[in-house]
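Everything on this sheet refers to the single structure shown next.
The values are calculated or read from the model by the stated rules, or taken from the named source; none is laboratory data. This structure is a prediction, so every number in the text was calculated from the model and none was measured. Reconstructed Cβ throughout: ideal geometry from the backbone, glycine too, with neighbour counts over all protein chains shown. Side chains included, ligands, DNA and RNA excluded: accessible areas come from the protein's heavy atoms. Shrake-Rupley method; radii C 1.70, N 1.55, O 1.52, S 1.80 Å.
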Amino acid sequence: MKNFNIVSTNNAPQAIGPYSQAIAANDLVFTSGQIPLLPNGEFLDSNIQEQTHQVCKNLKAVLEASGSSLENVIKTNVYLSDMSYFSQFNEVYAMYFSHKPARSTVAVKELPKGSKIEIECIAMKA
């Protein structure tokens, strides 16, 4: 007997592999990493600022489908393909996460589809 629910919405891109957009378990929501895909699955090949906006819009849609919101995020994990993007990324990130959830930010060698950024989060349900 499972104690979790799979979260799915058409307002964010569908998973591109064998995983869910998010899982809701008890009072928590765990999102899968979001990259800058449009809801139709098209990759947004743009600068770090535009990619960060799209990733945050995707997270917002997934969280809202779970009954949560960006304001309820308690932890994010951020993956950047180049740490030179850090300050530009932070400017956009702060627009969505003014409550300053706990965060880890790491540079990785490569991300799916050549993305510059990927973000996953944990949130409380509303």
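Of the conditions (1) under 27 Å from Asn5 (Cα atoms); (2) touching a Cys at 6+ places or on another chain (Cβ under 9 Å), Met95 fails just one. Which one is it?
Failing condition for Met95: (1).
Could you tell me whether the range 48-69 includes any residue that is without any contact (Cβ under 8 Å) to a residue 40 or more places away in the chain and hydrophobic (A, V, I, L, M, F, W, C)?
no
Give the residues of the range 86-107 that are of a type in the set (A, V, I, L, M, F, W, C) and open to solvent by 40 Å² or more (accessible area, probe 1.4 Å), sorted by residue number.
Within the range 86-107, Phe86, Ala94, Met95, Ala102, Val106, Ala107 meet the criteria.
Being part of a strand (DSSP E or B) and either open to solvent by less than 40 Å² (accessible area, probe 1.4 Å) or among the hydrophobic types (A, V, I, L, M, F, W, C) (or both), is that true of even one residue in the range 56-73?
Checked the range 56-73: at least one residue is part of a strand (DSSP E or B) and either open to solvent by less than 40 Å² (accessible area, probe 1.4 Å) or among the hydrophobic types (A, V, I, L, M, F, W, C) (or both).
Just checking, how many residues over the range 8-31 are open to solvent by less than 30 Å² (accessible area, probe 1.4 Å) and in contact with a Gly (Cβ under 9 Å, 6 or more places away or on another chain)?
Residues in the range 8-31 being open to solvent by less than 30 Å² (accessible area, probe 1.4 Å) and in contact with a Gly (Cβ under 9 Å, 6 or more places away or on another chain): 3 in total.
Condition check ((1) under 23 Å from Asn10 (Cα atoms); (2) open to solvent by 50 Å² or more (accessible area, probe 1.4 Å); (3) of a type in the set (S, T, N, Q); (4) at pLDDT 95 or above) across all residues:
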position: Leu44; (1), (2), (3), (4): yes, no, no, yes
position: Asn47; (1), (2), (3), (4): no, yes, yes, yes
position: Gln51; (1), (2), (3), (4): yes, no, yes, yes
position: Lys75; (1), (2), (3), (4): no, yes, no, yes
position: Ser84; (1), (2), (3), (4): no, yes, yes, yes
position: Lys109; (1), (2), (3), (4): no, yes, no, yes
